[in-house]
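Let me begin by presenting the structure, written as structure tokens, before commenting on it.
The values are calculated or read from the model by the stated rules, or taken from the named source; none is laboratory data. Note that this is a predicted model, so its numbers are computed, not measured. Every residue, glycine as well, gets a Cβ built from its backbone with ideal geometry; the counts of neighbours run over all protein chains shown. The accessibility values were calculated without ligands, DNA or RNA, using every heavy atom of the protein model including side chains. Shrake-Rupley method; radii C 1.70, N 1.55, O 1.52, S 1.80 Å.
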There are 2 protein chains.
Amino acid sequence: MSTAERKTKEKEELRALILKGAKKLFIERGIEQTTIRNIADEINYSVGTVYVYFKDKNSILHELHTLGFKQLGGEMRVLFSVSEPMERLAAIGRVYIRFAVDNPDMYDLMFNMKAPMEYLHRIEKEEWNEGKATFNVLKTTVEECIRQGYFIGHQPEPLSFAIWGGVHGMCSLYIRGRIRAVNLGDPEIVLIAAHEEFVKLLNKQ
Amino acid sequence: MSTAERKTKEKEELRALILKGAKKLFIERGIEQTTIRNIADEINYSVGTVYVYFKDKNSILHELHTLGFKQLGGEMRVLFSVSEPMERLAAIGRVYIRFAVDNPDMYDLMFNMKAPMEYLHRIEKEEWNEGKATFNVLKTTVEECIRQGYFIGHQPEPLSFAIWGGVHGMCSLYIRGRIRAVNLGDPEIVLIAAHEEFVKLLNKQ
DNA sequence: TTGAAATATTGAACAATGTTCATTTATTTT
DNA sequence: AAAATAAATGAACATTGTTCAATATTTCAA
């Protein structure tokens, strides 16, 4: 291995180390409470080094958001074994909700925070590939349902968006503390019960 | 009017002036870009004065959030003239979405931001009256629908929550730039079209 | 009217944050 | 070993929210 190759590898490793440290802190104490100094401390490097490997905080957050989508994508992939599309549609929602409950800060970063979108804007990229890919999993399933005779009179794309919005909204209200605040009982149970009602609505002919 | 009375009134006026300035800036340049110093400048008082009238930034944001709910409540109240509950249900959604599109930062503050919830936590108040009242408008309508024979087999409270979540989710994805990012066309049009699909789902027997 | 007490307002100062960049340290090449 | 290149550093800056001793203003009894 040439020196140049080794150097490239070392750089990638340090980059990955920074991300690993960032993710650790950010699961431990939340994204808002994680500073660049914390991250630098965590991995025993200086603040300056972090800025050699990432242009700014948004870059780090965007990269973590991408890792989150990889994880969610993996959890969704399993569902392609569910052959009945209506059943799969419900299962996608359950996986999505489970992900939100188990990884609230990551979910928040992926679907609520401005950082990843601001990053895309800065690098002048209009495409949000991570989001589009996830949306397509849903849309493909909805289209299959339509082919089987469900959702008659609906337009697939807006309908898919409405379904995404539906599940996302419940998760967001959960994560942003609105379920707790309206006092309907244990938030996680309310969330899951609401999703069941939502699935009932979807299943009506 | 006694001196004490006048003083009380003056205090209330300055308090209101601070809120007015805060709201102005915050509509003009967004909530994240509005600092306490900006607010103080805007109304020609010092930073310190703002802190005499409000304990911290969360208090200001909470009070603005309450004003937002007053406005939304007013816009909803008109809908009690719609006698058909299923029709009213759709109309509530449209009003809610219109509010979100016309007042994105206010909507964000009311339903997404942590500040108002943190304020409640600080003053050790468990009740989120603003949210509960708005939720009850929805729940009452859903219950009426059920009494008319709609939503058979559904539980009213989780169903109401699912409907809230549904509309909120679409608004949130809109406000947090996720609709634009998935590139389905003009975001506002997508939002409205998705709500129409949502209403179709609700209207199924 | 006056002056002491009460009230209201001020803005400098603090800690925490993201960010920059001249300097230092380490590594590679000659 | 020296020179050239690359990597890492951390002090310094601007901007936040926040505090609080100091200053200015207002009140009201004498």
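Couple of notes before you dig in:
- 1.4 Å probe accessible area per residue over the protein assembly as shown, in Å²: 48 Å²
- Relative contact order of chain A, defined on C-alpha pairs under 8 angstrom at six or more residues apart (%): 18 percent
- Measuring max minus min along each principal axis, the C-alpha atoms of chain A give extents of 63, 44, 30 Å (largest first).
- Per-bin percent of Cα-Cα distances, the range B:1-54 [10 Å]: 25, 47, 20, 7, 0
- Over all orientations, the range B:52-143 has a Cα convex hull whose mean projected area works out to 6.4 square nanometres.
- Of all chain A residues, the one whose Cβ lies closest to the rotation axis that maps A onto B, given with that distance rounded to whole Å, is A:GLY169, 1.
- To put it simply, the accessible area of the protein assembly as shown at a 1.4 Å probe is 51 percent carbon and sulfur.
- Starting from the label point of A:ASN44 at 7 Å along Cα→Cβ, the same points in the other copies fall at 6.0 nm, in ascending order.
- Expected 222 nm ellipticity per residue - DSSP helices of 4 or more, -39500 (n - 2.57), all of the protein assembly as shown, to 500: -24500 deg cm²/dmol
- Solvent-accessible surface, computed for protein heavy atoms with a probe of 1.4 Å, shrinks by 50 Å² or more for the following residues of the range A:178-195 when the other protein chains are added to the isolated chain: A:ARG178, A:ALA181, A:VAL182, A:LEU184.
- Label-point distances for A:ARG147 to the equivalent site in the other copies, using a point 7 angstrom along Cα→C-beta, read 4.6 nm when ranked shortest first.
- The Cα atoms of the protein assembly as shown define a convex hull whose projected area, averaged across directions, is 25.2 nm².
- Cross-link partners of A:LYS23 among lysines, defined as those whose alpha carbon lies under 18 angstrom from its own and excluding same-chain residues fewer than eight positions apart: A:LYS55, A:LYS57, A:LYS70, A:LYS114.
- Cut-off 17 Å (backbone N to label point 7 Å along Cα→Cβ of B:LYS70), residues of the range B:126-167: B:129-131, B:133-134
- Computed over the Cα atoms of the range A:117-185, the ratio of the radius of gyration to the Kirkwood radius (Rg/Rh) comes to 1.12.
- Net lengthening on full extension, A:SER81/A:ASN44 (0.36 nm per residue, minus Cα-Cα): 8.9 nm
- For the range B:117-184, the set of GluC sites (Glu not before Pro) satisfying both a DSSP loop assignment and a count of at most 15 other C-beta atoms within 10 Å is given as B:GLU124, B:GLU126, B:GLU127.
- Between chain B and chain A, the total buried accessible area stands at approximately 4500 Å², from heavy atoms with a 1.4 Å probe.
- Restricting the range B:1-78 to GluC sites (Glu not before Pro) that sit in a DSSP loop and have at most 13 other Cβ atoms within 10 Å of their own Cβ leaves B:GLU32.
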